[in-house]
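**Student:** Let me give you the structure first, and then I'll get to my questions.
The values are calculated or read from the model by the stated rules, or taken from the named source; none is laboratory data. All of these numbers come straight from a predicted model, not from anything done at the bench. No Cβ is skipped: glycine too gets one built from the backbone with ideal geometry, and neighbour counts run over all protein chains shown.
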Amino acid sequence: MTDSKNKKQILVVDDTQITLEVVQRNLETQGYRVFTANDVPEALRVLEGRTIDLVITDYKMPKVSGLELIKHIQENYKNTEVVMITGYASIEGAVNAIKAGAEEYISKPFTDEELLGAVKKALDKTNFRKTLEKSTRNEYTKMYGLIGESEAMQKVYGQIRKASSTSATVLITGESGTGKELVARAIHYSFKKLSAPFVPVNCGGVPEGLLESELFGYVKGAFTGASETRAGFFLTADGGTIFLDEVSNTSLSMQAKLLRVLQNKEVYMVGSSRPHQVNVRIIAATNKDLQMLVRKGMFREDLYYRLYVIAIDLPPLRDRNDDVLLLIDHFTTKYSTEFGKPKPQFSTKTLQILRNYHWPGNVRELENVVQRLVAMTESEVIEAADLPSVMRFSAYGKSTLQRTLAEVESEHIRNVLAGVDNNKTRAAEILGIDRKTLREKLRGAPLPSSE
């Protein structure tokens, strides 16, 4: 049960009572404390009397609009985020809401998932800002979620500082789970004012047929199902940063369109012949070798050089020495607080195993392991026996030099699967093979233990 003192406080503003009731009920089931208001004047009275973490407001309301409320919050309540909802979606409305300070913009009717997703993103930004306020600009080991004091990470911090002093395009490379989006956010929030939008896009997570309309938007009637005009991610990010994660997963035709945006700073919405000018910084990221893809004809060389202005290569966790121990302490504190449990200690043997493990899933895998240990362990000290079996066996197994190639490959596959909770699609990406090849290799390799 969430402590009432630690509950996030949300104000919902809408002139339709049924909308207020539905949103309030959905948010309260997630543990939030919710206040409601039928109009802007009533909302202002609530804001004056309470500390509100997030305001969810309708766009069009009698007398005073939601847009005016957003501007008032932006000017007077720096620690309060805003999500705008509306039944009158338009390009102008979306752009104005984002520029005024709204973190998210969702259209009615929206699903519970869309609402809760927008709320989470907005509150994450609130937590981000509080972290910034507690840190000084050069304390990178505590900022933006980046933890580490190794020489490899000191190099990354220096590259972030250099990238933050210019608006040049940045290409971030590194294995899956190394924290590429955290670096992108660090660059953005060091260079831009906090109100400037940061829009992350997982290029690999959007079907190819939808990626163009998602990135550039579309006009009403552009295709079957386009019942309204919607702004894309680039227009939403105008004045800020768009983060194109896994840009290597885009098709050659999409790469040509991205190149045009980089060259001309303008986008064409699907179904429109009129360009829209955008002032947006592009930060791209990939876990693939783009130069190799260029040689194979799978990635445009001209786009590669447009992206490769400032390059930041994130080191894998296995190359970061005692950063593993710092991260273990950080995530143990985080999840002990989140679960309301006393912070456990790790035995020396356990820390040695974790320190020497090769972490195929990098920081993401480490966080997952620590979260599981904190949640499942009841004792005050976490022992080696509490670790997943794949880690225990790798610690006591025979030397790699004494094993066959098939044995080494089989163990590596099991380790990768364990690091991504047996997600075969993710494991195949890390291993650099397709799912069919992975299935063939698994026929003779036992799956990792679920403990």
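**Student:** Can you say whether THR332 is in a helix (DSSP H, G or I) and touching a residue at least 12 places away in the same chain (Cβ under 8 Å), as far as the supplied structure shows?
**Tutor:** Yes, satisfied.
**Student:** Is there a residue in the stretch 363-371 that is surrounded by fewer than 21 Cβ atoms within 10 Å (Cβ to Cβ), modelled with pLDDT under 95, among the charged types (D, E, K, R) and not in a helix (DSSP H, G or I)?
**Tutor:** no
**Student:** Restricting the stretch 26-82 to residues that are closer than 20 Å to THR111 by Cα and of a type in the set (Val, Ile, Thr), which is farthest from the chain's Cα centre (by Cα)?
**Tutor:** Filtering the stretch 26-82 for residues that are closer than 20 Å to THR111 by Cα and of a type in the set (Val, Ile, Thr), the one farthest from the chain's Cα centre (by Cα) comes out as THR36.
**Student:** Condition first: buried (at least 18 other Cβ atoms within 10 Å of the Cβ) and over 13 Å from ALA237 (Cα atoms). Now tell me which residues in the stretch 192-205 satisfy that.
**Tutor:** The one that is buried (at least 18 other Cβ atoms within 10 Å of the Cβ) and over 13 Å from ALA237 (Cα atoms): CYS203.
**Student:** While we're looking at this one, here's another question. Of everything in the stretch 308-334 that's aliphatic (A, V, I, L, M) and touching a Ser or Thr at 6+ places or on another chain (Cβ under 6 Å), which residue is surrounded by the fewest Cβ atoms within 10 Å (Cβ to Cβ)?
**Tutor:** Residue satisfying both the conditions and the ranking: VAL309.
**Student:** Which fully enclosed strands (runs of 3 or more DSSP E) of the stretch 9-84 have 3 or more residues being at pLDDT below 85 and assigned by TED's automatic domain parsing to the domain that holds SER107?
**Tutor:** Once the strands (runs of 3 or more DSSP E) in the stretch 9-84 are filtered for at least 3 residues that are at pLDDT below 85 and assigned by TED's automatic domain parsing to the domain that holds SER107, nothing remains.
**Student:** Here is a follow-up. Please go through the stretch 274-309 and give me each residue that is in a helix (DSSP H, G or I) and either touching a Lys or Arg at 6+ places or on another chain (Cβ under 8 Å) or in contact (Cβ under 8 Å) with a residue 12 or more places away in the chain (or both), ordered by number.
**Tutor:** If the condition is that a residue be in a helix (DSSP H, G or I) and either touching a Lys or Arg at 6+ places or on another chain (Cβ under 8 Å) or in contact (Cβ under 8 Å) with a residue 12 or more places away in the chain (or both), then LEU290, GLN291, LEU293, VAL294, ASP302, LEU303, TYR304, ARG306, LEU307 are the ones that fit.
**Student:** Go through the stretch 250-297 and give me each residue that's of a type in the set (Ser, Thr, Tyr) and under 20 Å from TYR308 (Cβ atoms).
**Tutor:** Across the stretch 250-297, the qualifying residues are THR250, SER251, THR286.
**Student:** Out of the residues in the stretch 335-361 that are of a type in the set (S, T, N, Q) and closer than 14 Å to SER379 by Cβ, state the one that is surrounded by the most Cβ atoms within 10 Å (Cβ to Cβ).
**Tutor:** THR350
So that you can scan it fast, the table gives a plain yes or no per residue for (1) touching a residue at least 40 places away in the same chain (Cβ under 8 Å); (2) under 30 Å from ILE73 (Cβ atoms); (3) crowded, with 22+ Cβ neighbours inside 10 Å:
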{"position": "GLY174", "(1), (2), (3)": "yes, no, no"}
{"position": "THR178", "(1), (2), (3)": "yes, no, yes"}
{"position": "VAL183", "(1), (2), (3)": "yes, yes, yes"}
{"position": "SER213", "(1), (2), (3)": "yes, no, no"}
{"position": "GLU228", "(1), (2), (3)": "yes, yes, no"}
{"position": "ALA231", "(1), (2), (3)": "yes, yes, yes"}
{"position": "THR236", "(1), (2), (3)": "yes, yes, yes"}
{"position": "ILE242", "(1), (2), (3)": "yes, yes, yes"}
